[in-house]
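*Asks:* Below is one structure. I have some questions about it.
The values are calculated or read from the model by the stated rules, or taken from the named source; none is laboratory data. Predicted model, so just to flag it, every value in this text is computed and none were measured. All Cβ positions, glycine included, derive from the backbone under ideal geometry; neighbour counts span all protein chains shown. Note: areas computed on protein heavy atoms with side chains; ligands, DNA, RNA excluded. Shrake-Rupley method; radii C 1.70, N 1.55, O 1.52, S 1.80 Å.
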Amino acid sequence: MIKKLSCLLLCLYSLAIQAQTPLYKNPTAAVDLRVEDLLSRMSLKEKFMQLYMIPDDLNGSMDRFASGIYGLQIPDATTEKLNRVQQYLMEKTRLGIPAIFFDEALHGLVQKDATIFPQAIGLSASWDTTLMRTVAAAIASECRCKGINHVLSPVLNIARDVRWGRTEETYGEDPYLVSLMAYTYINEFEKAGIIATPKHFAVNVGDGGRDSYPINIDQLLLEEVYFPAFKMAINQAHARCVMSSYNSLNGSPCSANDWLLNQKLKKDWGFKGVVISDACATGGANMLHHTANDYADATANALNNGLDVIFQTSYENYTLFFEAFEKGLIKQEVIDNAVRRVLRLKFEMGLFDHPYAPISNSVNCFNSVEHHQIALKAAEESVVLLKNKHSILPLDKSIRNIAVFGSDAAKVNPGGYSGPATNSISILDGLKKVMGANTNITYTPGYSHKYKDYILIDSSFLTTIVNGKTVHGLTATYYNNIELSGTPAKTRTEKELSGQWTLMSPDPTLAFDWYSARWTTLLKVPESGQFSIGLEGNDGYRLYINDTLLIDQWNKTSFSKRTIDKTFLKDKTYALKVEFFESSGNGRLKLFWNYGVTDSTAILQEKAVANAKQADVLIMVAGLDEGEFRDRAILALPGSQELLIKTLAFTGKPLIVLINAGSAVDISNWENDAEAILDVWYPGDEGGIAVANVITGIANPAGRLPFSWPVNEGQLPLVYNHKPTGRGDDYINLSGMPRFSFGYGLSYSSFQYSQLEMPAKQLKAGDSVTISCVIKNTSSIDGDEVVQLYIHDEMSSTVRPVKELKAFQRVFLKAGASKKISFVLPPSAFSFPGSDLQPQIEAGDFRIMIGASSIDIRLRGIISLH
């Protein structure tokens, strides 16, 4: 009896404890029940803060997070620091909702000492999904040991125009290759319990290869080219977050696009995760797309049309967006559904029950030997050998004198979205280490690809009067008209005259497309001489010196650069006045001169030639100026790099050019001057060793281009999987063919393709198809071959591409060895969007093409479906 009574009392006590503990804190309860319980307890402010994410340096008081936060990006994060933030949220806030800690991890976590792997485009150039899996797992493990549980990667946009500055961040131009690389990356992160964020949904690159340009394309092209990678990421890799893009799609901003986010993503594809905006994109609607009156209106448009989380750059900006919640501009059902998605995500991640990252995991998680070995292998596999005249590579072991040139040889450029390259090896240092002490290596920087013959006029040369005191800089006076008339809207002191007002006006008091400005200052030159001085920017500017008009570009025409040569006397003061007006937006203006700029062309040429003459082989490392919001109109090497290549070639010494970049280059002016050309991309921490290993033959290059390499930018956009033309695709002065085709890359080995085997009879539409062939290494060098399988629908109800990549394998073969390889094509390989845009498979003949690139086809055959 006593025992029964004790059990009853224990049960009653347990029930009492449970009654005191909210359901959402019960780890044994179903996730949906926990979500609904917590949601019912939340205030409007607390709901809003679960839809708000920011980078934060944690310098302010933690009390600002009293209502919680969706997520934080913390620079130089340590596990201890993240846990302190999490402890405050869990123990000091009313509801104890944990935060997500996010960061970038495109090709390595963007934190100090994290391993930097080859840039995304280089990883894709490996055509090795097994390697990608290993790399992704290594990055994920470093994220975990730092306490990062959400990454804003990978980039799934299709790079169909290599002028786009963010081509380096992508996996190339082909939907199939991009889909497989993205799937592999995301799958590894999700397996590690880290949220991956495929981005930017959708398209993101428009006419002229310009970033975030307005996109106007039909749904068929979206389904065929731009959506497949996102669909695979969501439906097969099970990505739980998607980032929308800055651009508009068919007339609606992507961050507030009901068709894209609500109908396509959430309804048709069944996406249950969270849609976040790109940084500051939500408020951008009222500034850039002109589809909202103010921030509140922009917020309402975004949330009502499918966005869940607002990504901003400052906590204090929340008031701009919270106004829409306070005014009731967003349906309560919409708010609650967005919060449900966020809470479900956090419960699924286990953050409520295990909010803290284990401190022990942070010990020695970076700079591991294992991860650097992976980075080395990835860099080696990514290198694409574009040219190898007379088999100059690999270098003969008897070579004892090598001259290296180019500013990119001695520095490490890790590429966009990288951490500081504190543990990286430059190409120059890699060559020295691999070649050893018996090889003499000299280095000449030559011409930097960022070399300019003019520089901004520094404030130390400029003075103006402010409140009766002399200060360095210029007095800037702005007007809210284009006549420089009336009462100024704003007057302030500026250090220099350099503005690019693409997204807004120089000051909030001005309309972005209707203002004028006047800058006045006194210029003092410390030495006498004749110098060039001028202005660069949108027309609508003029320059006065001592009240004399010397540059008059007042008519609005285009972008221009105007200079005048003027003799200045030492320590004499010259009154400068610059006037400018903008009547259409997108204003730009710079005041510059060439004082202090030394034209060292002749000196550099002389030194380069002298070093070249002493060497047996010359290696030139060339680079680009590219990246986010750094699109290129011209594909030629920037600066004076072409001049350096031509100068080196004139010596008659064998010249090897390494392209250290993330996109294509116009090589037509110097291609014939180089015996060998290699694309080494941005190869990461171990890039210097990897490049040296390839050059010396320790590693055999087998990278393949993930995009079509044009002869000239006039061919762009240019892709291999275009649809047939109505007549021809050539120009009167240029072929329509690329310089290097999609899938192209040379090797030190040679390979033979034979014995194509395909089904002998008709197959049912919907059956899988097995195709095989034999690959033989016919050389004396072990090597990898990337075997590529393409198909073409011989006749279809709608026009289909001339060829489409449907399978590939990277195969290692020892010298003289053969291997039979098989491809299993699933039914989806033969499907395409029908008239209703739904996948369909038509009966008929399909051409199978197997080869070493999209144009180097070695085997062909026909299969029939009925």
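*Asks:* Counting alpha carbon pairs within less than 8 Å and at least 6 residues apart, what relative contact order, in whole percent, applies to the chain?
*Replies:* The value is 13 percent.
*Asks:* Sticking with this one: Starting from the Cα-Cα distance between residue 772 and residue 316, subtract it from 0.36 nm times their residue separation and give me the gain in nm to one decimal.
*Replies:* Between residue 772 and residue 316, full extension yields an extra 158.1 nm.
*Asks:* I would also like to ask the following. Using the reciprocal of the averaged 1/r over all distinct C-alpha pairs, how large is the Kirkwood radius of the stretch 366-452 in Å?
*Replies:* Hydrodynamic radius (Kirkwood, Cα only) of the stretch 366-452 equals 15.4 Å.
*Asks:* For the stretch 720-771, just say rounded, prolate or oblate: build the C-alpha gyration tensor, square-root its eigenvalues into a ≥ b ≥ c, call rounded for a/c under 1.5, and beyond that prolate if a/b exceeds b/c, oblate if not.
*Replies:* oblate
*Asks:* Under a Cβ-only charge scheme (Lys and Arg +1, Asp and Glu -1), can you give me the dipole magnitude of the chain about the Cα centre, in debye to the nearest 20?
*Replies:* I would put it at about 1280 debye.
*Asks:* Counting other C-beta atoms within 10 Å, and keeping those with at most 16, which DSSP coil trypsin sites (Lys or Arg not before Pro) do you find in the stretch 436-497?
*Replies:* In loop regions of the stretch 436-497 (DSSP not H, G, I, E or B), the sparsely surrounded trypsin sites (Lys or Arg not before Pro) are 450, 452, 495.
*Asks:* Based on Cα positions only, what radius of gyration and what Dmax would you give for the stretch 530-579, in angstroms?
*Replies:* Just the Cα atoms of the stretch 530-579 yield Rg and Dmax of 11.6, 37 Å.
*Asks:* A further question on this structure: Can you work out the accessible area per residue across the stretch 738-828, with the rest of the protein chains kept in place, probe 1.4 Å, in square angstrom?
*Replies:* Ligands and nucleic acids excluded, the result is 45 Å² per residue.
*Asks:* Just the ratio, please: alpha-carbon radius of gyration of the stretch 479-573 over 2.2 N^0.38 Å, N its number of residues.
*Replies:* So the Cα radius of gyration is 1.21 times the expected 2.2 N^0.38 Å.
*Asks:* Taking all pairs of distinct Cα atoms, average 1/r, flip it, and tell me the Kirkwood hydrodynamic radius of the chain in Å to one decimal place.
*Replies:* By the Kirkwood definition, the hydrodynamic radius is 30.2 Å.
*Asks:* Return one whole number: the accessible area per residue of the stretch 208-357 in Å², for a 1.4 Å probe.
*Replies:* Normalised by residue count, the accessible surface of the stretch 208-357 is 37 Å².
*Asks:* As an exercise, use a Förster radius of 30 Å and the Cβ-Cβ distance of residue 843 and residue 735 to find the FRET efficiency, rounded to the nearest 0.05.
*Replies:* 0.25
*Asks:* If you stretched the chain out fully between residue 698 and residue 487, how much longer would it get, using 0.36 nm times the residue separation minus the C-alpha to C-alpha distance?
*Replies:* Here the segment from residue 698 to residue 487 would lengthen by 68.8 nm.
*Asks:* A 26 angstrom limit on the alpha carbon distance is what I want to check against. Which of 723/819; 92/146; 495/577; 191/231 exceed it?
*Replies:* Pairs exceeding 26 Å: 723/819.
*Asks:* With a length cut of 15 Å (Cα positions projected on each helix's long axis) and a Kyte-Doolittle mean of at least 0.0, go through the chain and give me the DSSP H helices that pass.
*Replies:* TM-like helix candidates: 2-20, 129-146, 175-191, 601-613.
*Asks:* Once you order the gyration tensor axes a ≥ b ≥ c over the Cα atoms, which shape class does the stretch 553-665 get: rounded for a/c under 1.5, otherwise prolate or oblate by comparing a/b with b/c?
*Replies:* Oblate, because a/c is 1.5 or more while a/b does not exceed b/c.
*Asks:* Continuing with this model, one more query. If R₀ is 45 angstrom, what is the calculated FRET efficiency for the pair residue 609 and residue 370, using the beta carbon separation as r and rounding to 0.05?
*Replies:* FRET efficiency, residue 609 to residue 370: 0.50.
*Asks:* Another question about this same structure. I need the peptides 302-312, 685-695, 187-197 ranked by packing, meaning the mean over residues of other C-beta atoms within 10 angstrom, with the highest value on top.
*Replies:* Put in order of decreasing packing, that is 685-695, 302-312, 187-197.
*Asks:* I've got another one for you. What residues have an amide H closer than 5 Å to that of residue 466, excluding those fewer than 5 places away on the same chain, when H is modeled at 1.01 Å from N in the peptide plane?
*Replies:* Distant-sequence amide H within range of residue 466: 471.
*Asks:* May I pose another question? Distance between Cα centroids, the stretch 530-572 to the stretch 130-195: provide it in whole Å.
*Replies:* Their Cα centres are 48 Å away from one another.
*Asks:* First measure r as the distance between the Cβ atoms of residue 584 and residue 44, then evaluate 1/(1 + (r/R0)^6) with R0 = 51 Å and state the FRET efficiency to the nearest 0.05.
*Replies:* Once the sixth-power term is evaluated, E becomes 0.80.
*Asks:* For the stretch 402-539, build the charge dipole from Cβ charges (+1 Lys, Arg; -1 Asp, Glu) around the Cα centre, then report which of 509, 407, 471 sits farthest towards its positive end.
*Replies:* Highest projection toward the positive end goes to 407.
*Asks:* Would you mind getting the accessible area per residue of the stretch 381-508, heavy atoms of the protein chains only, 1.4 Å probe, in Å²?
*Replies:* 49 Å²
*Asks:* Now for a separate question. In deg cm²/dmol and to the nearest 500, what is the mean residue ellipticity at 222 nm of the chain if only DSSP H runs of at least 4 residues count, each as -39500 (n - 2.57), divided by the residue total?
*Replies:* -7000 deg cm²/dmol, from helical runs alone.
*Asks:* Determine the gain in length on full extension of the stretch residue 81-residue 294; use 0.36 nm per residue of separation and subtract their C-alpha separation, reporting nm with one decimal.
*Replies:* Extending this stretch completely gives an extra 73.1 nm.
*Asks:* Applying a 10 Å radius around every beta-carbon, put 383-391, 175-183, 434-442 in order of their mean neighbour count, most first.
*Replies:* Order by mean packing, descending: 175-183, 383-391, 434-442.
*Asks:* List the trypsin sites (Lys or Arg not before Pro) within the stretch 45-116 that DSSP assigns to loop and that have no more than 14 neighbouring Cβ atoms inside 10 Å.
*Replies:* Sparse-neighbourhood loop trypsin sites (Lys or Arg not before Pro): 94, 112.
*Asks:* Here's a follow-up. Can you work out ³J(HN,Hα) from phi for every residue in the stretch 651-659, in order, using Karplus 6.51 cos²θ - 1.76 cosθ + 1.60 and θ = phi - 60°, giving whole Hz and x for Gly and Pro?
*Replies:* Going residue by residue, I get 6, x, 7, x, 10, 10, 10, 9, 9 Hz, with x marking Gly and Pro.
*Asks:* Could you please state how large a percent of the accessible area of the chain is carbon and sulfur, counting protein chains only and using a 1.4 Å probe?
*Replies:* 50 percent
*Asks:* Counting pairs of alpha carbon atoms under 8 Å apart in space and at least six apart in sequence, what relative contact order in percent does the stretch 785-862 give?
*Replies:* Once normalised by length, the contact order is 37 percent.
*Asks:* Additional query: Per residue of the stretch 523-533, what does 6.51 cos²θ - 1.76 cosθ + 1.60 with θ = phi - 60° give for ³J(HN,Hα)? Whole Hz please, x for Gly and Pro, Karplus curve as stated.
*Replies:* Each residue of the stretch 523-533 in turn: 10, 10, 9, x, 8, 6, x, 9, 10, 8, 9 Hz.
*Asks:* Compute the orientation-averaged projected area for the stretch 681-775 from the convex hull of its Cα atoms and round it to one decimal in nm².
*Replies:* About 11.2 nm², averaged over all directions.
*Asks:* Let a ≥ b ≥ c be the square roots of the eigenvalues of the Cα gyration tensor of the stretch 585-741; is it rounded (a/c under 1.5), or, if not, prolate (a/b larger than b/c) or oblate?
*Replies:* In terms of gyration-tensor shape, oblate.
*Asks:* Based on the mean of other Cβ atoms within 10 Å per residue, sort peptides 826-834, 260-268, 548-556 so the most packed one is first.
*Replies:* Put in order of decreasing packing, that is 260-268, 826-834, 548-556.
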